[in-house]
Each structure stands twice: as C-alpha cells, then as structure tokens.
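Notes follow once the structure below has been shown.
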Amino acid sequence: MGKTIADFKTMKAEGKKIVMLTAYDASMARLLQSCAEVDMLLVGDSLGMVMLGYDSTVPVTMEDMLHHGKAVRRGAPDSFVVVDMPFGSYQGSEVDALNNAIRLMKEAGCDAVKLEGGLGVCPVVRRLVNAGVPVMAHIGLTPQTAGQLGGYKLQGKGLEDARRLLAEAQGLAEAGAFSVVLECIPAGLAEVISESIAIPTIGIGAGAQCDGQVLVLHDMLGMFEKFIPKFVKKFCDLAPSIKEGVGRYADEVRSGQFPAAEYGFVGQGDYRKLLSS
Ligand code: KIV
C-alpha cells in the first residue's frame with residue numbers, strides 16, 4: 001500500500017527520510033512502484049524539459065500535466081502521487097486555481113498538487129486546502145519564475161533572502177501545505193527551515209538535513225545530457241548504454257544479423273511453396 005500524508009508527518013517526527021522521485025509515464029512509474037523504495041512520485045512540470053523538449057517549464061499546460069499525471073497513476077495505482085500545477089494555472093484567480101487543482105485530483109487521480117511561490121501564494125494554498133486539496137509548496141529556486149530570480153542559481157545566500165525564505169516556509173505551513181520543497185538553497189538554511197516547521201521539507205540541492213529528498217528521474221539516471229545541475233548525482237549513466245544499444249541494433253539491422261530466426265515465427269513453414277500450389 002502507498003504512503004499517506006499522515007505517514008509523512010510520522011516519518012518527519014521519527015527522523016525517517018522521505019524518498020521522492022519524478023515520474024512522467026506509466027512504465028517508469030510501474031518500475032518505481034514495484035521497487036517499493038520510493039515514498040512519493042512527483043509528476044513534475046520538469047517534464048517540459050526532459051520529456052517535451054522545451055527550454056523551461058513555462059510552456060507546460062494543464063493538458064500536459066493531466067496527460068502525464070494519468071499515465072503515472074495508471075502505472076503506479078498504489079503510490080502517493082503529487083502533480084505539479086503548471087505556470088498560469090494558479091496565478092490568475094483563486095477560483096481558477098481551485099478549478100485547476102480539482103481537475104488534477106479528479107482527472108489525473110493524484111493525491112496532492114504542488115505549486116511554486118512564497119507568501120504571495122499562501123491565500124491560494126489556504127483556499128485549496130480548505131476545499132480538500134492537499135498542497136505541497138515549493139520555494140527557493142522556483143523554475144517557473146527562474147527569470148525573475150536571475151536564472152537557475154542558488155537562492156537565500158544573503159541574510160535578507162534567508163530570512164524571507166524562512167518566513168515563506170512558515171507562512172506556507174501555516175496556510176496548510178502538508179510539505180514544502182526547498183530547491184537550491186544553502187544546506188544550513190534548509191536545516192534551520194526544516195527544524196522550524198512541523199511539515200516535512202523535501203530538498204533538491206538543499207543539503208542532507210531536509211526531511212526528504214527529490215531528484216528529477218532523468219537526471220539521476222543519467223538520461224538528460226543537456227544541462228546537469230551541481231546538486232545532481234548520477235546514480236546510473238544510462239545515456240551511453242542507450243546509445244550503445246541503439247548503435248548495435250542499427251548495425252545488426254543494416255548487416256541483416258537482426259532478426260535471427262529465433263526472433264521470428266515459422267507458422268506453416270515454406271509459404272512460397274504453399275502459396276504457389
Ligand atoms: O518539476 C519538478 O520536477 C520539480 C522538482 C525539481 C522538485 O519541481
């Protein structure tokens with residue numbers, strides 16, 4: 001059985017780390033669920049970059065998130081699945097945000113939604129939570145607004161920014177978020193934030209003292225070569241294996257070595273003879 005929000009609270013209280021990874025399709029979600037080592041799956045809007053070939057997460061639409069969210073839910077029916085609210089789906093009115101969050105819950109069948117932002121999104125978080133939508137917050141480096149932050153870079157280095165991030169995490173917890181992602185902030189700051197709020201923090205480039213960790217699946221498997229952030233550890237290096245396998249396939253198709261007889265079907269034998277009689 002999958003984990004629940006109550007389990008994540010207990011894990012924080014007991015000092016057990018929460019393991020989260022992104023997933024975007026049914027076959028990967030099935031693999032992640034079956035190895036049972038992953039506590040939460042995130043259908044991140046990072047899919048815009050690793051699956052759809054955009055340069056940022058900004059162009060990702062509600063339809064994209066619904067499409068991939070449904071696939072992940074089909075592949076991992078028992079996992080706790082969080083789906084990102086894409087840029088533009090919660091910045092307009094609270095009513096729009098609520099309608100979009102409810103679509104993700106009802107149509108993609110997710111357990112929670114995630115949205116980016118600090119004190120400015122607290123009213124939206126409160127509205128969603130009051131309506132029964134569990135919300136994961138996301139502060140620090142917020143990729144949907146990376147342009148405003150000066151690019152994909154460390155956040156909260158200066159004292160003023162560090163204080164602001166601490167206040168944001170506390171405000172979001174108060175607004176009812178059940179967890180908060182801390183992306184690309186100093187480890188010491190993430191530790192202070194984690195100690196100062198009752199909800200679990202999930203770090204990405206935020207040090208080891210967060211209550212859990214998340215990485216983009218394609219990054220940690222070594223499948224995305226375009227841009228590798230400093231905080232990514234490659235636990236596998238699949239890109240060279242994929243290229244090598246595809247190269248061998250191409251060679252064997254061109255030389256006629258593939259498919260050998262063992263990969264085909266005999267049927268009734270000699271069809272040239274059978275069909276000419
Ligand atoms: O979209 C995403 O994958 C994310 C994670 C990097 C936290 O938001």
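The values are calculated or read from the model by the stated rules, or taken from the named source; none is laboratory data. Bear in mind that the values here come from a model prediction, so they are computed numbers and not experimental data. Heads up, the Cβs are rebuilt from the backbone with ideal geometry, glycines too, and the neighbour counts pull from every protein chain shown. For the accessible areas, the whole protein counts, side chains as well, though only heavy atoms, and no ligand, DNA or RNA atoms are used. Shrake-Rupley method; radii C 1.70, N 1.55, O 1.52, S 1.80 Å.
For segment 241-264, check the following and say yes or no: at least one residue is at positive phi, open to solvent by less than 50 Å² (accessible area, probe 1.4 Å) and not assigned by TED's automatic domain parsing to the domain that holds Met51. No: segment 241-264 contains no residue that is at positive phi, open to solvent by less than 50 Å² (accessible area, probe 1.4 Å) and not assigned by TED's automatic domain parsing to the domain that holds Met51. Residues in segment 265-277 that are open to solvent by 80 Å² or more (accessible area, probe 1.4 Å) and part of a loop (DSSP other than H, G, I, E, B): Phe265, Val266, Gln268, Asp270, Ser277. Meeting the requirement of 1 or more residues that are buried (at least 16 other Cβ atoms within 10 Å of the Cβ) and among the charged types (D, E, K, R), the strands (runs of 3 or more DSSP E) wholly within segment 1-111 are 80-84.
Would you mind stating whether Ser46 is at pLDDT 95 or above and away from the ligand (no atom under 12 Å from the Cβ)? Please lay out each step first, then the result.
Details: at pLDDT 95 or above: yes; away from the ligand (no atom under 12 Å from the Cβ): no.
Criteria not met by Ser46.
Say whether the condition of being closer than 24 Å to Phe224 by Cβ and touching a residue at least 60 places away in the same chain (Cβ under 8 Å) is met by at least one residue in segment 87-94. No, because not a single residue in segment 87-94 is closer than 24 Å to Phe224 by Cβ and touching a residue at least 60 places away in the same chain (Cβ under 8 Å). I need every pair where a residue in segment 152-174 that is without any contact (Cβ under 8 Å) to a residue 40 or more places away in the chain and closer than 17 Å to Val124 by Cα has its Cβ under 7 Å from the Cβ of a residue that is open to solvent by less than 100 Å² (accessible area, probe 1.4 Å) and part of a helix (DSSP H, G or I), sequence separation at least 6 or different chains. Close Cβ pairs satisfying both conditions: Ala169/Ile193; Gln170/Ser196.
Hey, any hits in segment 242-264 for a residue that's in a helix (DSSP H, G or I), among the hydrophobic types (A, V, I, L, M, F, W, C) and within 25 Å of the chain's Cα centre (by Cα)? Scanning segment 242-264, I find at least one residue that is in a helix (DSSP H, G or I), among the hydrophobic types (A, V, I, L, M, F, W, C) and within 25 Å of the chain's Cα centre (by Cα), so the answer is yes.
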